[in-house]
Every structure is written in C-alpha cells, then in structure tokens.
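The values are calculated or read from the model by the stated rules, or taken from the named source; none is laboratory data. Just so it is clear, the structure is predicted and the values come from calculations on it, not from any experiment. Note: ideal-geometry Cβ built from the backbone for every residue, glycine included; neighbour counts use all protein chains shown. Calculation scope for accessible area: heavy atoms of the full protein, side chains included, ligands and nucleic acids excluded. Shrake-Rupley method; radii C 1.70, N 1.55, O 1.52, S 1.80 Å.
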Amino acid sequence: MDLHAETQSILSFLGALASDQGEGLRVSSPIDGARIGCVLPDDAASAARKAEQAEPAFRAWRSVPPPRRGELVRLFGEVVRAQKEPLGRLVSIETGKILQEGLGEVQEVIDICDFALGLSRQLHGLTIASERPGHRMMETWHPLGPVAVITAFNFPIAVWAWNAALALVCGDSVLWKPSERTPLTALAIQALFERACSGHGEAPAHLNQLVLGGVEPARALLDAPQIRLVSATGSTRMGQAVAAQAARRFQRTILELGGNNAAIVAPSADLDLAQRAILFAAVGTAGQRCTTLRRLIVHRDLFAPLLERLRGLFQRVTVGNPLASDTLVGPLIGASAYDSMQQALARARTDAHWIAGGERVLESEHPQAFYVRPALLAMRAQTDIVLEETFAPILYAMPYDTLEEAIALHNATRYGLSSAIFTNDLREAELFLSASGSDCGIANVNIGTSGAEIGGAFGGEKDTGGGRESGSDAWKAYMRRATNTINHSSQLPLAQGIRFDLA
C-alpha cells in the first residue's frame, strides 16, 4: 500500500494545495511511519499577518445577518457530506485511527454544521424585569472578534468544527492552528470551506485561515491583539502555558485538556452491556482520546469475573492496519507515545496483581510504526501512576466495597473530564449524577466515557481546563453580552430608589 500516493491523490481530489517537495514540515503516517507529504509552516511574522487579516474579515462578517451566516455553515456541511469517504480515509491515514472512527469524525463535522445552522436563528437574549416604572431591560449578544482555535492530532477536524461552526454563526472570524502532526486534513477542510465560501456570496476573504507549524506560530497568535478568544485542545501542560499567556491581554480561553476518566461498575450492572462499553472506551482510537477510559472501579463481588471477561476481549481485539475492515485498534501516533506507555506499565507493575497485554506487535512488518496490544492491569490500589494520564490504551482496574468509597476513588484524580457508572439501581445512578457524585463535566449512566454527542456542551473541570465547546449554550463563549435598559417614560427614576435632586 502506497500511503503517500493515496494521500496526495485524496488531497488533489479535494482541491487542497500541499507542498510535496520534501521541504518544510514533514508529515508521516503512523500506519507505517513513512512520509505522506510536507507542508510549509508559518513563522511568527506570517501568523501575526494572518491575525491582522482576520480583523477586517470579522468587521465585514459581523454585519451579515446570523441566518445568512448559518447559510454558509450549511453550505460547508453539504460540501463535507459529499466528500465524507475520502475525508474519513485521510483522517485515518494521518492519525492512525480506524476507518470507522475516521468516518465518524467527518460525521461530527457534518452534525455540528446542522446544529449551528439551527443556532443561527436562536441567538437569544433575555427580557429582564426592571424595578423602575416606564423602563425595559434586555440582554443582547454580539459577535466577539477573531477567534484562534488550536487543535490536537487525535481529532484533527472535529474539534475545529465544534469551535468554527459556532464562531462563524456568531459572527466571528477564525484562525486555525492544527497539530503539526495532522496538517493535511486541515488543508483538505480549508479547501472545502473556501469552496463553500465561493458559493455563498457574502463571505469575506480570510474568514477562516490556517496557521501551520508548532509552538512559534501558536505563541504569535496569542500575542496578536486582534485575537479575542483562544480555544486550545491538548495537554494540561500546554493549557497552562496558553492560559498564562492569554491572561496578560485578558483574552478569553476555552481549554480542553487532559483526562483520567473512570467508570464504576456497581453490583446491579448489566455486565454484557458494561463490557462492550468498557472495551470501546478503553481501546478505541488506541487509547488516544481525552475521554478514553483509563480507570475501572469494580464492586468486589464482580471484580474477578468482569476482569476475566475483559482479559479475553483485550486479547481478541484486532490490532493492525486501521484501513482494514476488521481492525479495531490502530497504531499509536508515534515513538514517544509508545515510550510513555512502556514507562507507565513499568511503574505500575510492582503494584499490580497481574498485567495482560501492553506489548508491541507487528514490529517486523512496520518497524517505523508503533502498534501495541491494549493493556489491562488488576491493581492492588490506586497508585500515583494510576492517577496520571498516559495517552495510550492502558486500563487500570481496582475493587471497591461501598459506593461512597468508589466515588472517592473516582474523584481522586486532578482531572475532571468524563465519567460513567454502570448500574440498574436508580438511587446509585442519581447519587453519581448529583453534586455529591462525579466531579466531571460529563457524567454518564450505562454508557462509556467516550463518544460524546455534539448536542451537549463538551468539557471538564479541574486540570481539564473548565471550558465548554459544541452544543447546549456553548455558543455564548464566542459572543459578547450587553445589558440594555430603555426608558420609554418622561421620568428619570434611579435604581435602588436613590434620590439625586438639585436643591
């Protein structure tokens, strides 16, 4: 299989312009480690110049009526829908996720466009009762300004779409800094977006711009005075740096950072349902989702039988070429991810009853790629390594005796993204969802921790960052709020009954 030729063919078919001369930023596929293309990265000066171009684009776009802004997003969604197959395949080639997940990511782009189209007619404010006679109070929402979106390798287009679709209907322009590991899918999406703009008639130039490269152009965007909001997805360490730099200019931030997600399996759980959900949540995307299930907290009566079931499933899951129809687990993104996984397993070994999996496979066939069998560990306790996030398919399992103990174990990590409980006891489910239960931004009952729908706001608490993207009222982050008071009387009463009369 010539992935380089296939990648270039897909890019050409989609109308994306990518350098393939061996100069600039080299792009490799984790499927075999070979080069699939090159892109010319931005430096600080070009990133700053694009931020300057985003300002007049914003000023023109903010005056377009929101339903017409929604029409552009609709057109873009239709263009993406027509190219779902090649786009999904490109996502799989560049990230290593299986083709079903690549296609699912493209579907997320389509879905958020549908959501944003409806939202374009629902940017509602409130009417507020005034204490003063002859007065009316209301709340209005206005476009915020140019928005910078920094995305990670594991969801190279969906997370951009969560942000961009909402920002565009809210009247903002967008600068997108994709991961330096996955710039080719970004180029493809940009080409399709420009195609949609050409059919709209009112979309200004530079409405959505790509900023390619690593840390240097990202820092330049944060320094750009035009940028009003930074939405960044990545590690907690990265988020801390972004937040510190953004705070100097009071930029708004949406931070989608690390996760160390857990699921509780209660005595009444449906184990057939639970094991299927646990398997996908733990090994999907080769454990490289921020919502990946990393900790399993099982009632002591179920601990041994459930882990035996899972051990068998982990051994049976097909690891291999993500473009093959029977593969369920593709490769890790690269050597550093493999090294981190092996270091975590070495640290956990002394506190584990047993370890299944974790070994490298297919090394002789693909010496430059890093395929691993997902690892399952029966732990004696929730140790320091268990409480850390390792971006790889490792599932640590611990027993519990009482639900209160399970919730305490669950909440002990410094992250707060996604969580789940498997139970058929209504009281247990309601306690887990209550203020005394899960401390995460996402809390599920009888489904896994990953696979969030676009209709709900996505994000978490604590070291996960605290931002929200995608559905619900996440749109408010991309707009500025104004409180308006209108006096339609001939009097001028002051609030709080204050009297301020000249003698």
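Observations on the structure shown:
- Apportionment of accessible area to carbon and sulfur, the chain, percent (1.4 Å): 51 percent
- Straight-line cross-link reach from Lys462 at under 17 Å between alpha-carbon atoms covers these aspartates and glutamates, not counting any fewer than eight positions away in the same chain: Glu256, Glu388, Glu389, Asp439.
- Relative to the longest principal axis of the Cα atoms of the chain, the long axis of helix 3-14 makes an angle of roughly 20 degrees.
- Long-range amide H partners of Asn261 with built H, under 5 Å: Arg294, Arg295
- DSSP bridge analysis restricted to the chain gives an antiparallel fraction near 40%, rounded to the nearest 5.
- Rounded FRET efficiency, nearest 0.05, which uses the C-beta distance separating Arg347 from Arg300 and R0 of 35 Å: 0.90
- Ordering 361-370, 277-286, 232-241 by mean Cβ neighbour count within 10 Å, with the highest value first, yields 277-286, 232-241, 361-370.
- About its Cα centre, region 246-399 has a charge dipole of approximately 400 debye under the convention of +1 per Lys or Arg Cβ and -1 per Asp or Glu Cβ, with nothing else charged.
- Cα long-axis angle, helix 66-82 against the chain (0 to 90 degrees, to the nearest 10): 30 degrees
- Taking each residue as 0.36 nm, the span from Arg121 to Phe13 lengthens on full extension beyond its C-alpha to C-alpha distance by 35.5 nm.
- Net charge of neighbours whose Cβ lies under 14 Å from the Cβ of Arg349, counting Lys and Arg as +1 and Asp and Glu as -1: -1
- For the chain, size of Cβ-based charge dipole, Lys and Arg +1, Asp and Glu -1, in debye: 1140 debye
- Residue by residue, region 134-143 carries 3J(HN,Hα) couplings of x, 10, 10, 10, 8, 10, 10, 10, 10, x Hz when phi is fed to the Karplus relation 6.51 cos²θ - 1.76 cosθ + 1.60 (θ = phi - 60°); x denotes Gly or Pro.
- Distance (nanometres) between label positions extended 7 Å along Cα→Cβ at Arg480 and Asp401: 5.8 nm
- Charge tally for His488 (other residues, Cβ to Cβ under 14 Å; Lys, Arg +1; Asp, Glu -1): +2.
- A straight Cα-to-Cα reach below 30 Å connects Lys84 with the lysines Lys50, Lys97, Lys177, Lys476, residues fewer than 8 places away in its own chain not being considered.
- Region 143-183 and region 1-69 have Cα centres separated by 13 Å.
- Extension gain (nm, one decimal) between Ser46 and Glu359, 0.36 nm per residue minus Cα-Cα: 108.3 nm
- Helix 44-61 axis, angle to the chain major axis (alpha carbon atoms, nearest 10°): 50 degrees
- Each peptide in 410-419, 449-458 receives the mean, over its residues, of other Cβ atoms within 10 Å, and ordering these scores from highest gives 410-419, 449-458.
- Neighbours of Glu180 by Cβ distance under 12 Å: Lys/Arg scored +1, Asp/Glu scored -1, total 0.
- Shown in residue order for region 460-471 are the 3J(HN,Hα) couplings computed by the Karplus curve 6.51 cos²θ - 1.76 cosθ + 1.60 at θ = phi - 60°: x, 10, 6, 6, 6, x, x, x, 9, 10, 6, x Hz (x for Gly and Pro).
- Here's how it looks for Glu461: its modeled amide H is under 5 Å from those of Gly416, Leu417, Gly441, Gly466, which are all 5 or more places away or on a different chain.
- Annotation: peptides 11-17, 481-487, 331-337, ranked by per-residue average of other Cβ atoms within 10 Å with the highest first, follow the order 331-337, 11-17, 481-487.
- Shown in residue order for region 158-174 are the 3J(HN,Hα) couplings computed by the Karplus curve 6.51 cos²θ - 1.76 cosθ + 1.60 at θ = phi - 60°: 5, 5, 4, 5, 3, 7, 5, 4, 6, 4, 5, 6, 7, x, 9, 8, 10 Hz (x for Gly and Pro).
- Length gained when the stretch Ala60-Ala381 is fully extended (0.36 nm per residue, less Cα-Cα span): 109.8 nm
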